[in-house]
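First up is the structure itself, then whatever we jot down about it.
The values are calculated or read from the model by the stated rules, or taken from the named source; none is laboratory data. Everything numeric here is computed off the predicted structure, so don't read it as measured data. Reconstructed Cβ throughout: ideal geometry from the backbone, glycine too, with neighbour counts over all protein chains shown. To get the accessible areas, we keep the full protein, side chains included, count just its heavy atoms, and leave off ligands, DNA and RNA. Shrake-Rupley method; radii C 1.70, N 1.55, O 1.52, S 1.80 Å.
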Amino acid sequence: MKDQRIDTLAKNLINYSIRLQKGEKVLIENFGLQKELVVALIREAYAAGGFPFVSLKDNQIDRALLMGGQEEQYNMIADFEAEVMKNMDAYIGLRSGDNINEFADVPDDKMKLQGSTVGKKVHRDIRVPKTKWVVLRYPTASMAQLAKMSTEQFEDFYFDVCNLDYSKMDKAMDPLVELMNKTDKVRITGKGTDLTFSIKDIPAIKCSGQMNIPDGEVYTAPVRDSVNGKITYNTPSPYNGFTFENVTLTFKDGKIIEATANDTERINKIFDTDEGARFIGEFAIGVNPYILHPMQDILFDEKIAGSFHFTPGQAYDDAYNGNKSNIHWDMVMIQRPEYGGGEIYFDDVLIRKDGQFVIPELEALNSENLK
């Protein structure tokens with residue numbers, strides 16, 4: 001799949017997403033060995049006067065390493081990769097693969113091992129706070145299957161999503177950021193859902209193509225102990241190689257006190273990873289006009305137009321509510337009518353109903369105005 005749209009995407013990633021400047025170093029990390037975009041990114045990095053570095057990885061290889069992995073070994077891997085990352089000014093993480101369930105049979109303690117070493121030392125401690133970074137998927141036949149599309153149809157969808165005018169979206173997000181920064185109480189209602197929490201004094205951050213591609217969300221975090229009520233997620237949610245469905249969480253004073261799903265025992269083991277896993281680290285509203293249905297890929301699903309995600313685990317540093325955890329699990333509820341509808345209220349004012357913003361200052365974020 002080589003066409004002009006790959007070159008356009010590479011230009012956008014280098015010049016808009018990470019804003020690479022002359023003399024800056026960028027690490028291009030490719031999971032899945034998809035060469036076309038990597039080559040285009042290298043060319044664009046050189047054209048911008050930057051210095052590209054490339055790390056090629058593969059999920060099957062990572063699985064083999066994890067199955068026998070030991071803590072001492074993974075601390076050494078983390079130290080090695082951290083030494084590289086701390087010398088970078090920017091990072092592009094390109095993810096692809098033929099099987100979303102490649103890690104399905106990796107024991108939980110091995111997955112936790114990776115998260116507590118490489119995940120923490122390289123990504124949470126260095127990459128996220130200290131580089132200009134963007135993470136994206138690359139279209140594959142397996143992604144087309146998950147999206148229930150032909151390969152060609154999915155490629156067209158992918159480039160519509162990834163090459164849209166993110167600068168236009170960025171400006172349209174400003175009123176939502178301003179409103180969220182003034183809001184105290186949030187209430188969310190919908191099928192199986194009646195949830196209240198505060199976002200007072202926690203910054204709202206817009207995501208418009210500068211950290212994820214595809215993009216299209218504004219996120220903050222609830223005050224850690226303020227969440228009460230129940231939420232029923234209506235999208236499948238893969239985690240560590242297993243797809244959870246029909247997830248319902250009940251909260252009291254911020255903590256998940258009950259969790260049920262198609263595998264209730266398994267989901268509770270995840271929430272028992274550490275203390276912070278039963279508290280929420282992110283609340284975000286999705287607005288991407290081209291992403292309408294879940295495809296079991298969170299970089300797409302969390303941006304679904306008319307959705308929000310409510311995330312157990314680690315809070316982001318720029319919208320920090322004090323919650324720390326080795327997990328960060330974006331779980332999505334869609335509120336458009338075909339998914340059961342629902343409402344979002346800010347300080348008792350209805351701001352979105354059935355996935356559509358209903359106050360004038362936010363209408364620019366409705367799908368018909370972003371395409």
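Just for segment 351-369: of the residues that are assigned to a helix (DSSP H, G or I) and free of Cβ contacts under 8 Å to residues at least 24 places away in the same chain, which one is least open to solvent (accessible area, probe 1.4 Å)?
Taking segment 351-369 as the starting set, the residues that turn out to be assigned to a helix (DSSP H, G or I) are 360-365, 367-369.
Imposing the further condition that a residue be free of Cβ contacts under 8 Å to residues at least 24 places away in the same chain reduces the set to 360, 363.
Numbers: PRO360: 100, GLU363: 81 Å².
In this case the residue turns out to be GLU363.
Filter segment 222-275 for residues that are among the basic types (Lys, Arg), part of a strand (DSSP E or B) and exposed (fewer than 15 other Cβ atoms within 10 Å of the Cβ) and give the result. Lay out the reasoning, then the answer.
First, pick out the residues of segment 222-275 that are among the basic types (Lys, Arg): 224, 230, 252, 255, 266, 269.
Next cut, part of a strand (DSSP E or B) only: 230, 252, 255.
Hits for segment 222-275 are LYS230, LYS252.
Residue by residue through segment 1-18, note down the ones that are part of a loop (DSSP other than H, G, I, E, B) and either in contact with a Lys or Arg (Cβ under 6 Å, 6 or more places away or on another chain) or hydrophobic (A, V, I, L, M, F, W, C) (or both). Give the derivation first.
Start the filter on segment 1-18 by keeping residues that are part of a loop (DSSP other than H, G, I, E, B), which leaves 1-3, 18.
Once the filter is applied, which keeps residues that are part of a loop (DSSP other than H, G, I, E, B) and either in contact with a Lys or Arg (Cβ under 6 Å, 6 or more places away or on another chain) or hydrophobic (A, V, I, L, M, F, W, C) (or both), segment 1-18 yields MET1, ILE18.
Tell me which residues, restricted to segment 275-296, are at pLDDT below 95 and farther than 26 Å from ALA172 by Cβ.
GLN296
Find the strands (runs of 3 or more DSSP E) located wholly in segment 49-144 whose residues include 1 or more that are touching a residue at least 40 places away in the same chain (Cβ under 8 Å), and list them.
On the way: elements: 51-57, 90-95, 132-137.
Qualifying strands (runs of 3 or more DSSP E): 90-95, 132-137.
Output the number of residues of segment 315-339 satisfying the condition of being farther than 30 Å from ASP109 by Cα and open to solvent by 50 Å² or more (accessible area, probe 1.4 Å). Step through it out loud before you land on a result.
Filtering segment 315-339 for residues farther than 30 Å from ASP109 by Cα gives 334-339.
Okay, now just the ones that are also open to solvent by 50 Å² or more (accessible area, probe 1.4 Å), so 337-339.
Count: 3.
When segment 193-208 is examined, which residues are found to be in a strand (DSSP E or B), within 13 Å of LEU179 (Cα to Cα) and either aliphatic (A, V, I, L, M) or more than 22 Å from the chain's Cα centre (by Cα) (or both)? Please lay out each step first, then the result.
Taking segment 193-208 as the starting set, the residues that turn out to be in a strand (DSSP E or B) are 193-198, 205-207.
From what is left, the residues that are within 13 Å of LEU179 (Cα to Cα) are 205-206.
Correct list: ILE205 only.
Name every residue in segment 276-311 that is in a helix (DSSP H, G or I) and touching a helix residue (DSSP H, G or I) at 6+ places or on another chain (Cβ under 6 Å), in order of residue number.
Initial filter on segment 276-311 (in a helix (DSSP H, G or I)): 276-278, 298-301.
The answer is ALA277, ARG278.
Taking ASP160, is it farther than 19 Å from ILE304 by Cβ, surrounded by fewer than 17 Cβ atoms within 10 Å (Cβ to Cβ) and over 15 Å from the mean Cα position of the chain (by Cα)? Outline the logic, then answer.
Values: farther than 19 Å from ILE304 by Cβ: no; surrounded by fewer than 17 Cβ atoms within 10 Å (Cβ to Cβ): yes; over 15 Å from the mean Cα position of the chain (by Cα): yes.
When the stated conditions are applied, ASP160 does not pass them.
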